[in-house]
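Student: Next up is a structure, given as structure tokens.
The values are calculated or read from the model by the stated rules, or taken from the named source; none is laboratory data. Predicted model, so just to flag it, every value in this text is computed and none were measured. For accessibility, only protein heavy atoms count, side chains too; no ligands or nucleic acids. Shrake-Rupley method; radii C 1.70, N 1.55, O 1.52, S 1.80 Å.
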Amino acid sequence: IDDDNDGATDCVDTKCATSAVCGKLIINEVDYDQPDADTAEFIELYNAGTTHIKLDGLSIVIVNGNGGASVVDKTVDLYGDVTPGQYFVLAAAGVTNIDPAATKQALTVAIQNGGTLASPSPDAVLLLDPVNGVGLDAICYECPPVGMPPVDIKGILYPLVAGTPSTASDEGNPASPTRS
């Protein structure tokens, strides 16, 4: 594929080989709501590709889905790079036990909480390459099986789920292990 439209196939294209469009940068984990005050929020990305990926120019877009629309709540510009098999953690000051090999960046804004148990409200995180107008990955949390509507950013609609939304839910109470 020629994602940057210069006539050279990506990953062979020297301009594209280290870009996130060519790489396999994914949202690996999001912790958006803790009991009491949210002091340990984080978004973890993972480089599942085989080349270094430059984060400069990429953004994390936090999307509020309250009221049935998808609205940009906050945008965080990323910087640095991630080697193959390495994690990038965008973390609030209260996050501990981050892999020492991970690339880290301070998260200075709150991640949109998804509502309450009685009244869930879908929200999402979008990994965006705004330079190329490409949504690289997204995760929707507390979403109905159909997901959330795409978010409009400068006239481009970005889907807020990667693949087919799951219908699985977490009960919050793990099953007791069976002992024999």
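Student: Please work out the Cα center distance from the range 22-78 to the range 101-163, rounded to the nearest Å.
Tutor: Taking the Cα centre of the range 101-163 as reference, the centre of the range 22-78 is 7 Å away.
Student: Keeping every protein chain present and rolling a 1.4 Å probe, give me the accessible area per residue for the range 44-99 in Å².
Tutor: Working: 2590 Å² over 56 residues.
On a per-residue basis, the range 44-99 sits at 46 Å².
Student: Accessible surface of residue 98 in the full protein assembly, 1.4 angstrom probe, to the nearest 10 Å²?
Tutor: 50
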